[in-house]
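K.L.:
Please read through the structure below; I'll follow up with questions.
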Amino acid sequence: MIEKIKILELVNSALEGSDKFLVNLKITPDNRIFVDIDGDNGVTIDDCIAVSRAVEGQLDREEEDFELNVGSAGADMPLKLTRQYRRHVGRELEVVMVDGERLDGELREAGDEDILLVVPGGKKQAPQEHRLAYRDIKSARVAIKF
């Protein structure tokens, strides 16, 4: 089986010097490698191709067969890294807390330890600010509106 640390080093090397970063890396027992990347200014298909080529060029199929999939951390994927939260300041988030509470609101700030989410109020209720520690957030996704 291909070692995760080796793939991690190859991906990080391929992303070095860019605004792109690794969000998720998964390797299955049958050597299917899944790499999800994101960027401070988004990710293009060309970015994914470049990372795929850089990683694949350093692996030997004669030594070990594998399948490599490089994709962007899509809009439907939960935010995992502080850097992702920072990228989405000003956007609507759907947040589920560890205790099960759900909050939908605008992400106003993303600090090192927490975020500031502003939940709209009702007719007679002012918007509410919630400072949420990352450790208390079970999942957070960018709300997709049509």
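The values are calculated or read from the model by the stated rules, or taken from the named source; none is laboratory data. Here the structure is a predicted model, which is why all the values come from computation and not from measurement. Don't worry about glycine lacking a Cβ; one is built from the backbone with ideal geometry, like all the others, and counts go over all protein chains shown.
K.L.:
Could you say whether any residue in region 87-110 is among the acidic types (D, E) and assigned to a loop (DSSP other than H, G, I, E, B)? It would help to see each step written out before you state the result.
P.N.:
First, pick out the residues of region 87-110 that are among the acidic types (D, E): 92, 94, 99, 101, 104, 106, 109.
With assigned to a loop (DSSP other than H, G, I, E, B) added as a condition, the list becomes 99, 101.
Looking for residues that are among the acidic types (D, E) and assigned to a loop (DSSP other than H, G, I, E, B), one finds at least one in region 87-110, hence yes.
K.L.:
Let me ask another. Within 30 Å of H130 (Cβ to Cβ) and of a type in the set (S, T, Y), is that true of T82? It would help to see each step written out before you state the result.
P.N.:
Working: within 30 Å of H130 (Cβ to Cβ): yes; of a type in the set (S, T, Y): yes.
Yes.
K.L.:
Filter region 112-129 down to the residues that are in contact with a helix residue (DSSP H, G or I) (Cβ under 9 Å, 6 or more places away or on another chain) and either over 14 Å from L79 (Cβ atoms) or free of Cβ contacts under 8 Å to residues at least 24 places away in the same chain (or both), then identify the one that is surrounded by the most Cβ atoms within 10 Å (Cβ to Cβ).
P.N.:
Of region 112-129, the ones in contact with a helix residue (DSSP H, G or I) (Cβ under 9 Å, 6 or more places away or on another chain) are 112-115.
Checking the rest, the ones that are also either over 14 Å from L79 (Cβ atoms) or free of Cβ contacts under 8 Å to residues at least 24 places away in the same chain (or both) come to 112-114.
Values: D112: 7, E113: 9, D114: 18.
Here the residue is D114.
K.L.:
Then there is this: Would you mind stating whether D65 is part of a loop (DSSP other than H, G, I, E, B) and out of contact with any strand residue (DSSP E or B) (no Cβ under 9 Å at 6 or more places or on another chain)? Explain how you work it out, then say what you get.
P.N.:
On the way: part of a loop (DSSP other than H, G, I, E, B): yes; out of contact with any strand residue (DSSP E or B) (no Cβ under 9 Å at 6 or more places or on another chain): yes.
Yes.
K.L.:
Another question, then. Under 6 Å between Cβ atoms, at least 6 apart or on separate chains: pull out the pairs that start in region 131-145 with a residue that is over 17 Å from G90 (Cβ atoms) and end on any residue that is of a type outside the set (F, W, Y) and modelled with pLDDT under 95.
P.N.:
Final answer for the pair search is S139/P78.
K.L.:
How about region 80-104: which of its residues are farther than 11 Å from A140 by Cβ and touching a His at 6+ places or on another chain (Cβ under 7 Å)?
P.N.:
none
K.L.:
Let me ask you something else. Is it the case that region 43-61 has a residue that's polar (S, T, N, Q) and either part of a helix (DSSP H, G or I) or farther than 22 Å from L22 by Cβ (or both)? Before the answer, list the steps.
P.N.:
At the first step, the residues of region 43-61 found to be polar (S, T, N, Q) are 44, 52, 58.
Right, trim to either part of a helix (DSSP H, G or I) or farther than 22 Å from L22 by Cβ (or both) and you get 52.
Yes.
K.L.:
Does E64 meet the test of being touching a residue at least 40 places away in the same chain (Cβ under 8 Å), over 13 Å from V23 (Cβ atoms) and of a type in the set (D, E, K, R)?
P.N.:
Details: touching a residue at least 40 places away in the same chain (Cβ under 8 Å): yes; over 13 Å from V23 (Cβ atoms): yes; of a type in the set (D, E, K, R): yes.
Judged against the criteria, E64 is a match.
K.L.:
Considering (1) under 17 Å from L22 (Cα atoms); (2) in contact with a His (Cβ under 8 Å, 6 or more places away or on another chain); (3) among the small types (G, A, S), say which one A73 fails and leave the rest.
P.N.:
Unmet for A73, out of (1) under 17 Å from L22 (Cα atoms); (2) in contact with a His (Cβ under 8 Å, 6 or more places away or on another chain); (3) among the small types (G, A, S): (2).
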